[in-house]
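*Asks:* Pasting in a structure now, in structure tokens, and then I'll have a few things to ask.
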Amino acid sequence: MGSMFRIAAIPADGVGAEVVEAGRAVLDAVTGPGIELSWTEFDWGCDYYARTGRMMAEDGLEQLAGFDAIYFGAVGWPTVPDHVSLWGLRLAVCQGFDQWANIRPVRFLPGVTSPLRKADDTELDWIVVRENSEGEYAGLGGRNLAARGRGSEVAVQSSLFTESGCERIMRFAFDLARGRERRRLTSVTKSNAQQYGMVLWDEVFERVAADYPDVETDSCLVDAMAARFVLRPEDLSVVVASNLHADILSDLGSALTGSLGTAASANLNPERRFPSMFEPVHGSAPDIAGQGVANPIGAIGSAALMLEHLGFPDEAARVNRAVETVTAAGVLPRDLGGTATTKDVTSAVIDALG
Ligand SMILES: NC(=O)c1ccc[n+]([C@@H]2O[C@H](COP(=O)([O-])OP(=O)(O)OC[C@H]3O[C@@H](n4cnc5c(N)ncnc54)[C@H](O)[C@@H]3O)[C@@H](O)[C@H]2O)c1
């Protein structure tokens, strides 16, 4: 008897639809009688907003709650302010389902030229673990005093750091580091300038580290960390950072691998009380949407993370190996310097699954 999983697909906007279609094709090819995926697609996003004034159905979270996982494309379109589309759909799902751990592997693919010269002769492979439920994106604050006239408005945007929120993401990162060849965890901080939240972050890191004597640790200021991603990335294994810091650093990481289009991510509710969400790191790329040239590798890598989460690490590894075979053979989309279309890359990956 095989296992059956209910997956919600939310392609949303722009290239989201193109890369979700690609990822689904790979998932359907790698699964079979043993693992069955039953798909339901939701048409939420900026078009839905134009029709209904909402980014997702009013009872959207209730509709999604029964699924085993969510496979997401990208949200955002020039017709809707970005903060409205992001908070109305992607952040609504992340926060509503307490997907507090966001993992973003930085993977260097064979056959892809990295802007980092060091990548040619150094083994590089690290994972950014992002706190995904509070920090700088807690949504706390407000705007005021606009009534005093033009030029007088003020805005406050507060960060929220809770001891329990810091502790759970750090334990998650330590557990991840423990399972890797290089047992090392680096904490990203800014406690020199932010004396409340980031100092609490540092203290919790130090306390939790005592429970993991087998994991090497260090702590690095976010500005220095940006430089280290470029100059000394061979030192990194797992990197844990706040919501904003990890957001920025993981884009830097994916750019170093060659393109934003190759980066995968998982928004996890580790307790499994709610479905987790798997999505490429990139956005809806309005500049290339509809042309059939979007790089599907980030979405395909996210599909592999979903397989892992559902309990199929061998199938996940097969997908990742197939992607490597394809890039090594020089089948590259435009953003990686090649001429392959989204469909070309996708069928090559499916062929390489073996
Ligand atoms: N997770 C998300 O849904 C998410 C993330 C980032 C941005 N956004 C939204 O996406 C919209 C566009 O934002 P942006 O331009 O800052 O970021 P973006 O990631 O959409 O695009 C940045 C650049 O990378 C390129 N790119 C992105 N994905 C690609 C792919 N798969 N293949 C080839 N090239 C790719 C784009 O063409 C563009 O030049 C905005 O509305 C923004 O709010 C959504």
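*Asks:* Could you order the peptides 19-29, 47-57 from most to least packed, using the average number of other C-beta atoms within 10 Å per residue?
*Replies:* So the order, starting with the most tightly packed, is 19-29, 47-57.
*Asks:* Further question on the same structure: Computed over the Cα atoms of region 237-354, what is the convex hull's projected area averaged over all directions, in nm²?
*Replies:* So the Cα hull casts an average projection of 8.4 nm².
*Asks:* Here's another thing I want to ask about it. By how many nm would the segment from GLU153 to GLN195 lengthen if fully extended, with 0.36 nm per residue of separation less the alpha-carbon distance?
*Replies:* 12.5 nm
*Asks:* In nm, give the distance between the simple-model label positions of ALA317 and LYS343, each being 7 Å from the Cα along the Cα-to-Cβ direction.
*Replies:* 3.4
*Asks:* Over all Cα pairs of the chain, how is the pair count split among 20 Å bins, expressed in % and running from 0 up to the last occupied bin?
*Replies:* Bins of 20 Å from zero give 29, 59, 11, 0 percent of pairs.
*Asks:* Amide H of SER219: which non-local residues (sequence gap of 5 or more, or other chain) have their own amide H closer than 5 Å, using H built in the peptide plane?
*Replies:* Here the answer is SER187, since their amide H atoms fall under 5 Å of that of SER219.
*Asks:* Could you give the size of the charge dipole of region 46-108 about its Cα centre, using +1 on the Cβ of each K and R and -1 on the Cβ of each D and E, expressed in debye and rounded to the nearest 20?
*Replies:* Here region 46-108 has a charge dipole of around 320 debye.
*Asks:* Just for the chain, what percent of DSSP beta bridges are antiparallel, to the closest 5?
*Replies:* Looking only at bridges with both residues in the chain, the antiparallel portion is about 40 percent.
*Asks:* Based on the alpha-carbon set only, what is the convex hull volume of region 95-210 divided per residue, in Å³?
*Replies:* 196
Each value in this text was obtained by applying a stated rule to the coordinates, not by laboratory testing. Because the structure is a prediction, the values reported are computed rather than measured. Positions of Cβ are generated from backbone atoms using ideal geometry, with glycine treated the same way; all protein chains shown enter the neighbour counts.
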